[in-house]
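Written below as structure tokens is the structure these notes are about.
The values are calculated or read from the model by the stated rules, or taken from the named source; none is laboratory data. In this text the structure is predicted, and so the values were computed from the model without any measurement. Glycine gets a Cβ as well: all are built from the backbone with ideal geometry, and neighbour counts include every protein chain shown.
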Amino acid sequence: MSLPSDNPVLDVRGLVFPADGSVLRQVHLAVGEGETVAVLGPRGAGKSVLRACLAGELDPAGGTVWTNGKPFHLMPPEAKRAFRLRHYGLVYQDTVFLPELTLADNVALPLRFAGVGAARARRKALTWLARFEIAEAADARLTGLPLDLVRRAALARAMVNDPLLVLADEPLAGLPSQSADTLGRVLNSIALSHGTAVLLFTDDPATAARCQRTVNLVAGRTSAEPVPIATVTPAAPVGAPAPTAVSTSRPSPVKAAR
């Protein structure tokens, strides 16, 4: 069990999915204001399912999810969607951007889906691109951009609505160690300065070590005790071309922006 905060932004107790507990069983965790917490576990441990349950994309079979003192687990689907758009920032592992839009317009999408006007949404997007030190790429298209820039843009999009909570699935994946260190420091600094709770899901111990605290997920259960994690094979050898910024593996760009 990992419940460090007296007044956590996110407080999860006894989460189960599905009903037989075959994926998640009795998950307990909490993240405080301005805190970055890694959920570390091997592939297949249930990290993506846990992230989806916390985001309201899947309905857990048991347990509770409280966000900023509100019972997120009891909200109907439309209320969860509205709450998510207003108060959550999401980073998907297969970062999805719309190729026909500029980087700034992609970062602004969560605000646009929440009903914010185009001009105001773009201003906020430009502000967050600057915070992640990539403002010069605001009007670039996504195809062929370096992976480091794409990872920064994904985090800028997650922060653009000034969320209470960021749920980030492998936000540093594929980056060289130095780039990952730099982006990790930027993320920790922003979380602290804005009071944003960040929950980062990873199977890489080095990525988890860049967070303030680590919670281990093994066989559907959380624990503060370290567990062995298999070495992750790099996505590509040094010098290989950077992966394309555009993914087509998710059918719905709306889902990606939420």
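Here are some notes:
- Hits in the stretch 71-89 (condition: among the charged types (D, E, K, R) and more than 20 Å from the chain's Cα centre (by Cα)): GLU78
- The stretch 143-170: number of residues that are in contact with a Pro (Cβ under 7 Å, 6 or more places away or on another chain) and part of a helix (DSSP H, G or I): 5
- All positions within the stretch 16-42 that are over 18 Å from VAL91 (Cα atoms) and among the charged types (D, E, K, R): ASP20, ARG25, GLU33
- Qualifying positions in the stretch 7-55 - more than 23 Å from ARG86 (Cβ to Cβ), in contact with a strand residue (DSSP E or B) (Cβ under 7 Å, 6 or more places away or on another chain) and in a loop (DSSP other than H, G, I, E, B): VAL23, GLY41, ALA45, GLY46
- Of the helices (runs of 4 or more DSSP H) lying entirely inside the stretch 171-258, those carrying at least 1 residues that are modelled with pLDDT under 85 are 253-257.
- Some residue of the stretch 100-117 being out of contact with any Lys or Arg (no Cβ under 6 Å at 6 or more places or on another chain), crowded, with 22+ Cβ neighbours inside 10 Å and assigned to a loop (DSSP other than H, G, I, E, B): no
- When GLN93 is tested against (1) closer than 16 Å to LEU164 by Cβ; (2) in a loop (DSSP other than H, G, I, E, B), only condition (1) is not met.
- Reported count of residues in the stretch 61-87, each being among the aliphatic types (A, V, I, L, M), within 21 Å of GLY115 (Cβ to Cβ) and surrounded by fewer than 16 Cβ atoms within 10 Å (Cβ to Cβ), is 2.
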